[in-house]
Amino acid sequence: MLFKTLVLFVLLTGFSACSFQGELSAESSAKKVHRFQSKELKLLMGTLNISVANNYKSELEKDDARLRKALRLSDDLKITVLKLNEMAEGSLRDEMSQEDRLVYTRNVKNLSKSADEIERIANNYEVEKLDFAIEKLKRSCLSCHSNFGVTNAF
């Protein structure tokens, strides 16, 4: 598949309208310039270039990028858990009832478990399990937000 994609890319590049045949004048040989200049054309070609680059990445490259993002998410979640625990012991302590503190603590523990699970999945390169772990994280977040009356989440 990768070989076919590479061959297709080389053929398209070689035979595209962007390839310039003929001799360049001495003035333009120092700097190759596209025969047609247009901001709209540049934008269109730039967008196409991004699309081609993203669509023709190998599956391994795509998986690797997803796993790196998952590790960043796990790090962010762990930082959030630390801050939420600090808030429970500090600024929120007097505002919450005993029942609220129990619910809050349970939700923060679930968030911490999600961070650990996502990190484990990414470190073990188990891409197929990542979507389920992210959905589980979202449900955990929505549960907490629902418990504490947050309506503008997600």
Could you check the spin-label model distance between Ser143 and Asp64? Points 7 Å from the Cα along Cα→Cβ, value in nm.
3.6
Dipole magnitude of the stretch 59-147 about its Cα centre, charges +1 at Lys/Arg Cβ and -1 at Asp/Glu Cβ only, in debye to the nearest 20?
100
Provide, for q = 0.11, 0.13 Å⁻¹, the log10 of I(q)/I(0) from a solvent-free Debye sum over equal Cα point scatterers in the stretch 59-147.
-0.35, -0.47
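Each value in this text was obtained by applying a stated rule to the coordinates, not by laboratory testing. Here the structure is a predicted model, which is why all the values come from computation and not from measurement. Cβ atoms come from the backbone with ideal geometry, glycine included; neighbour counts cover every protein chain shown.
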